[in-house]
Amino acid sequence: MILVTGATGRTGGALVRRLSAAGVSVRALARNASRAEGLSALPQVEVVEGDMARPATLDPALRDVDRAMLISSSDPTMLEVQSNFIDAAAKAGVKHVVKLSGIIPDADSPFRFARMHGEIERRLEASGMAFTHLRAGEFMHAYFRQVPSIVAQGRLLLPMEDARIASIDVGDIAEVAATVLTGLGHEGAIYPLTGPEALSMAEVAGKLSAATGNRIEYLNVSPEQATSAQLAAGMPPFTAEALAELFAERRKGKEAQVSPLVQKILRRPATSFDAFAMRHAAIFRGEQPEPKI
């Protein structure tokens, strides 16, 4: 049995759907089963309630599980809840855990979530279970955050200067995860995952313009301006501070390297930003809401 945590999120939900479509039995972990009704209707999918912040609730979810996908939200509790899951999975006899990590995990990083990912990876490696780290770059879906300024002003407002970034489509991450969870030979592997090209924000704006048919320009803003706008939009201070740390790393080129591993693992090219932008052009024109999962 395969268990997927974070199943009501974008990546976890995409993974559950891919496993179901392939006829693979999968158990989807959700804190509230009512939020996973769309998954429970899928063939081969069993939704179970459990909360990684309360390890005692994980026992039913982990029963008879031999492989698990570890995903949780990037929030202040990430280190705690993922560590809880690792301990519970080891106790339950899980053989292999695949962790969705960040592209630049480092216990000494200035970026708080990179530090957390680095420590979680270390704990998983020391757990006695087989592990695979999927170190994903920026999600292309992160550009949905920019829809309000794109629609209202025709501008992509980010503190990126001229730095490049190799973003990845969430669907590619889910497909890689499904391949790893159902295949052989991935134990102990560390896979950096990116899209097929590293783009500047001016290039991203150009591709969004082509997809939407509307002129969209990139305007570099200061880190302080970006943080102020995020806080004014209601973003929690912890998250805004974390994003400021992340963009500082990105301006150093920390996420500009393109990895060939998506194509190697999936035996097809990684999804391009052009394809992503065309698929979601109505969202970037403000005509459709952002998909939840």
Could you give every pair whose Cβ atoms fall below 9 Å, whose first residue belongs to the stretch 121-136 and is at negative phi and at pLDDT below 95, and whose second residue is open to solvent by less than 30 Å² (accessible area, probe 1.4 Å) and in a strand (DSSP E or B), counting only separations of at least 6 or pairs across chains?
-> none
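For the structure I just gave you, tell me whether Arg27 is at pLDDT 95 or above, farther than 20 Å from Ala92 by Cβ, surrounded by 17 or more Cβ atoms within 10 Å (Cβ to Cβ) and touching a strand residue (DSSP E or B) at 6+ places or on another chain (Cβ under 9 Å). First the steps, then the outcome.
Details: at pLDDT 95 or above: yes; farther than 20 Å from Ala92 by Cβ: no; surrounded by 17 or more Cβ atoms within 10 Å (Cβ to Cβ): yes; touching a strand residue (DSSP E or B) at 6+ places or on another chain (Cβ under 9 Å): yes.
Judged against the criteria, Arg27 is not a match.
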Output the qualifying pairs, or none if there are none: Cβ atoms under 6 angstrom, residues six or more apart or on different chains, first residue in the stretch 176-199 and on the phi < 0 side of the Ramachandran plot, second residue among the hydroxyl-bearing types (Ser, Thr, Tyr) and surrounded by 15 or more Cβ atoms within 10 Å (Cβ to Cβ).
-> Val180/Thr132; His186/Thr132; Ala189/Thr132; Pro192/Ser259; Thr194/Ser259; Gly195/Ser167; Pro196/Ser272
Could you please give the count of residues in the stretch 96-120 that are surrounded by fewer than 17 Cβ atoms within 10 Å (Cβ to Cβ) and touching a residue at least 60 places away in the same chain (Cβ under 8 Å)?
-> 1
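Consider Phe85 carefully, then state whether it is in contact with a strand residue (DSSP E or B) (Cβ under 8 Å, 6 or more places away or on another chain) and within 22 Å of Phe238 (Cα to Cα).
Details: in contact with a strand residue (DSSP E or B) (Cβ under 8 Å, 6 or more places away or on another chain): yes; within 22 Å of Phe238 (Cα to Cα): no.
In short, no.
Here's the yes/no breakdown for (1) open to solvent by 10 Å² or more (accessible area, probe 1.4 Å); (2) under 25 Å from Ala244 (Cβ atoms):
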{"position": "Arg164", "(1), (2)": "yes, yes"}
{"position": "Val170", "(1), (2)": "no, yes"}
{"position": "Thr179", "(1), (2)": "yes, no"}
{"position": "Gly188", "(1), (2)": "yes, no"}
{"position": "Glu197", "(1), (2)": "yes, no"}
{"position": "Ala205", "(1), (2)": "no, yes"}
{"position": "Ser209", "(1), (2)": "yes, no"}
{"position": "Ile216", "(1), (2)": "yes, yes"}
{"position": "Ala226", "(1), (2)": "yes, yes"}
Residue pairs qualifying under the 6 Å Cβ cut-off, at least six apart or on distinct chains, with the first in the stretch 52-67 being within 14 Å of Thr5 (Cα to Cα) and the second being of a type in the set (Phe, Trp, Tyr) and open to solvent by less than 20 Å² (accessible area, probe 1.4 Å), are Met52/Phe85
Could you please let me know if Ala233 is in contact with a helix residue (DSSP H, G or I) (Cβ under 9 Å, 6 or more places away or on another chain), over 26 Å from Gly12 (Cα atoms) and open to solvent by 40 Å² or more (accessible area, probe 1.4 Å)?
-> yes
Which helices (runs of 4 or more DSSP H) does the stretch 252-293 wholly contain that include 3 or more residues that are open to solvent by 50 Å² or more (accessible area, probe 1.4 Å) and not small (Gly, Ala, Ser)?
-> 273-279
Please note which strands (runs of 3 or more DSSP E) are completely contained in the stretch 1-107 and include at least 3 residues that are of a type outside the set (A, V, I, L, M) and out of contact with any Asp or Glu (no Cβ under 7 Å at 6 or more places or on another chain).
-> none
Spans of strands (runs of 3 or more DSSP E) in the stretch 130-215 with at least 2 residues over 21 Å from the mean Cα position of the chain (by Cα) = 155-158
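The values are calculated or read from the model by the stated rules, or taken from the named source; none is laboratory data. Since we're looking at a predicted model, the values are computed, not measured. Methodologically, a virtual Cβ is constructed for each residue, glycine included, from the backbone with ideal geometry; neighbour enumeration extends over all protein chains shown. Quick note on the areas: whole protein, heavy atoms, side chains included, nothing else; ligands and nucleic acids left out. Shrake-Rupley method; radii C 1.70, N 1.55, O 1.52, S 1.80 Å.
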